[in-house]
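This report refers to the structure that appears directly beneath it.
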Protein chains: 2
Amino acid sequence: MRNIKLTIAYDGTNYKGWQLQKNGRTLQGELEKAIERAFGKKCRLYGSGRTDSGVHAKGQIAHFKTAGKLPVKKIPIVLTSLLPQDIQVVRAEEVPFDFHSQFDAKTKHYEYRIFCRKTRDPFIERYAYRWAYKLNLSLMKKEIAALIGEHDFKSFQAADKSARGSVRKIYSARVTKRKQFIIIDIVGNGFLYNMVRNITGTLIEIGRGYFPPGSMKKILKMKDRTTAGPTVPAKGLFLVEVKY
Amino acid sequence: MRNIKLTIAYDGTNYKGWQLQKNGRTLQGELEKAIERAFGKKCRLYGSGRTDSGVHAKGQIAHFKTAGKLPVKKIPIVLTSLLPQDIQVVRAEEVPFDFHSQFDAKTKHYEYRIFCRKTRDPFIERYAYRWAYKLNLSLMKKEIAALIGEHDFKSFQAADKSARGSVRKIYSARVTKRKQFIIIDIVGNGFLYNMVRNITGTLIEIGRGYFPPGSMKKILKMKDRTTAGPTVPAKGLFLVEVKY
């Protein structure tokens, strides 16, 4: 038996999220089917975490155990060839038998893309949230810094409660402008359900002047979801990297 | 009554091409529905030409006649808001009553994108044809020049015959490399069915060394479809611009 770690990229638009479901195509489901075809045996694939319906990934991590003989170097090309065109197995590595993609994850990096334009672009629409109005970029840059460090992120957590509580450590949080996009990059030791999307919604409220300067810090302290901004759409969110 | 000219961009992946069909979503169908909702009355939309299932457009042109009062400046935003997210009405102009988007078209510019990489990229897969092997770029650049001028393009025409015959004039034809892409740009006074896709397939056969140098000129002279390369997939093709 080998333990295989996969790095996976996907366009999440046409999936009901990562996790296996009774109804609807999921990323885990498609990947498990491809693994079964490649290795001749059903096996469970464990992801570093779920991504929601419509969320994309450049570097999702997952692992599975197999007695199959396929050389590790060939796994990415074989699995990708068995997968729909919106999923790619970027890398495969053999890892120690006790490696676990979820429990061993040290940091995750998420990116949220805001497309700053009045009009739709059909080639970008799937991969960013379009915002047609003015945003105060330098204020957003300042405000996001309040997230860095260990905090209780209850204000940015969706109704679902996490078994691990709502304290997380954020290592870096940045707002940058690239061409017509405002990109929000956040690296942390873990994220609550909808956390990045709620933070982004709050940053937009600040950037457009609806929430006053200093709001990010205040909202964090309130530990109350109703004080934060709205949840922005899934389509702008990318899981960029998971580190171990 | 006004005659309205529209410039339209679309991601063609999820459509059965431009032209109205009994079964299946088409671009003309979606646009006519949006026009009916915006102007309160069914009307026929005439495109500059069909694009096939899966072909994209940055600047498709179409026109329709309406007695509706919606100011021309508001048409793009109103129609776009009534359209699926993969279609955008980029511009609207009032044009002389006898303007016809198909019959008055002087030149069309098509672009074909080849993505030169061994491995799939799920974010590019919809918008380019991936080619994993070596291509001789400088040879492709030379060979494509044979197309410039007025020629009988029968060798590059799909089985369907055009009522206008198979002579067309090509004003410019270029192969360029941009990052990991090889881009083929062709501007002409008209194109036969599958012509750009068959030219690209032929260029790839030349670039990979399967057809010898000089083939483009020879194939053109043969006026025989079986001498040319294969038809490359629709997903790499973009209608860039139509000029009048």
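What shape does segment A:107-243 take by its C-alpha gyration tensor, where a ≥ b ≥ c are the square roots of the eigenvalues and a/c under 1.5 counts as rounded, a/b above b/c as prolate, and the rest as oblate? Verdict is prolate for segment A:107-243.
Under 5 Å from the amide H of B:T51 lie the amide H atoms of B:W18, B:Q19, each residue being 5 or more positions distant or on a separate chain, with H modelled from the backbone and absent for Pro and chain starts. Per residue of A:120-129, other chain Cβ atoms within 10 Å of the residue Cβ number 6 on average. A quarter of the convex hull surface defined by the alpha-carbon atoms of chain B gives 13.5 nm² as the mean projection. In nanometers and ordered shortest first, the copy-to-copy spacing of the B:K41 label point, defined 7 Å from Cα toward Cβ, is 7.1.
A protection proxy built from the mean count of other Cβ atoms within 10 Å ranks the segments A:48-55, A:6-13, most packed first, as A:6-13, A:48-55. Rounded to 0.05, the FRET efficiency of the A:Y46 and A:A159 pair, given R0 = 30 Å and the Cβ-Cβ distance, is 0.75. For the residues of B:86-93, the average number of beta carbons from a partner chain within 10 Å of their own beta carbon is 3. Assuming a ≥ b ≥ c are the square roots of the Cα gyration tensor eigenvalues, decide whether the protein assembly as shown counts as rounded (a/c under 1.5), prolate (otherwise, with a/b larger than b/c) or oblate. Since a/c reaches 1.5 but b/c is at least a/b, the shape of the protein assembly as shown is classed as oblate. A simple spin-label model places the labels of A:K221 and A:A67 6.1 nm from each other, with each point 7 Å out along Cα-to-Cβ.
In this Cβ point-charge picture (+1 for Lys and Arg, -1 for Asp and Glu), the protein assembly as shown has a dipole of about 240 debye about its Cα centre. A DSSP coil position with no more than 11 other Cβ atoms inside 10 Å describes the following chymotrypsin sites (Phe, Trp or Tyr not before Pro) in segment A:112-192: A:Y133.
Chain A packed on chain B takes about 1800 Å² of accessible surface away from a 1.4 Å probe, both sides summed. From the Kirkwood radius over Cα pairs of segment A:112-169, Stokes-Einstein at 37 °C and 0.692 mPa s returns a whole-number translational diffusion coefficient of 230 µm²/s.
Distance between the 7 Å Cα→Cβ label points at B:K22 and A:A132: 3.9 nm.
Using Cβ point charges alone (K and R +1, D and E -1), the dipole size of chain A about the Cα centre works out to roughly 260 debye.
Per residue of chain A, what 222 nm ellipticity follows from adding -39500 (n - 2.57) for every DSSP H run with n ≥ 4, rounded to the nearest 500? It comes out at -6000 deg cm²/dmol, rounded to the nearest 500. When the accessible area of chain A is computed with all protein chains present and a 1.4 Å probe, what percentage of it is carbon and sulfur? Taking all protein chains in place, chain A shows 52 percent carbon and sulfur surface. Once the Kirkwood radius over Cα pairs is known for segment A:1-122, the Stokes-Einstein relation at 37 °C and 0.692 mPa s delivers a diffusion coefficient of 217 µm²/s.
With each label modelled as a point 7 angstrom along the Cα→C-beta vector, the B:R117-B:N189 pair spans 4.1 nm. Of the residues A:K42, B:K69, A:K108, ranked by 1.4 Å probe accessible area with the largest first, the sequence reads B:K69, A:K42, A:K108. Entry note: segment B:59-124 has Rg to Rh equal to 1.12, where both radii use alpha-carbon atoms and Rh is the Kirkwood radius.
Only one residue of A:V95, A:V240, A:C43 has its Cα farthest out toward the positive end of the dipole of chain A, where Lys and Arg carry +1 and Asp and Glu -1 on Cβ, and that residue is A:V240.
The rotation axis bringing chain A onto chain B passes closest to the chain A residue reported with its distance as A:R126, 4, by C-beta distance in whole Å.
For segment B:51-124 versus segment B:215-244, the spacing of their alpha-carbon centroids is 22 Å. Which of rounded, prolate, oblate describes segment A:1-63, given a ≥ b ≥ c as roots of the alpha-carbon gyration tensor eigenvalues and a/c under 1.5 marking rounded, otherwise prolate only if a/b is larger than b/c? Taking the square roots of the gyration eigenvalues as a ≥ b ≥ c, segment A:1-63 is oblate.
Around the Cα centre of segment B:107-243, unit charges on the Cβ atoms of Lys, Arg, Asp and Glu (plus for the first two, minus for the last two) sum to a dipole of about 260 debye. Using a 7 Å offset from Cα along the direction of the beta-carbon, what are the separations from B:M1 to the same position in each other copy, nm, ascending? Spelled out, the distances from B:M1's label point are 7.6 nm. Remark: for residue pairs B:K65/B:K177; A:K177/A:K221; A:K22/A:K73; B:K33/B:K177, the C-alpha separation exceeds 30 Å in B:K65/B:K177; A:K22/A:K73; B:K33/B:K177. The A:S172 and B:D98 beta-carbon pair, evaluated with R₀ = 51 Å, returns a calculated FRET efficiency of approximately 0.25. Placing a label point 7 Å from Cα along the Cα-to-Cβ axis, B:R208 is separated from the same position in the other copies by 5.0 nm, shortest listed first. What the phi angles of segment A:174-185 give under the Karplus curve with 6.51, -1.76 and 1.60, with θ = phi - 60°, is a coupling list of 9, 10, 10, 9, 10, 6, 8, 10, 9, 10, 10, 10 Hz, glycine and proline written as x.
The values are calculated or read from the model by the stated rules, or taken from the named source; none is laboratory data. As the structure is a computational prediction, the values presented were derived from the model and not from experiment. We place every Cβ from the backbone using ideal geometry, glycine too, and count neighbours over all the protein chains shown. Accessible surface areas use protein heavy atoms only, side chains included; no ligands, DNA or RNA. Shrake-Rupley method; radii C 1.70, N 1.55, O 1.52, S 1.80 Å.
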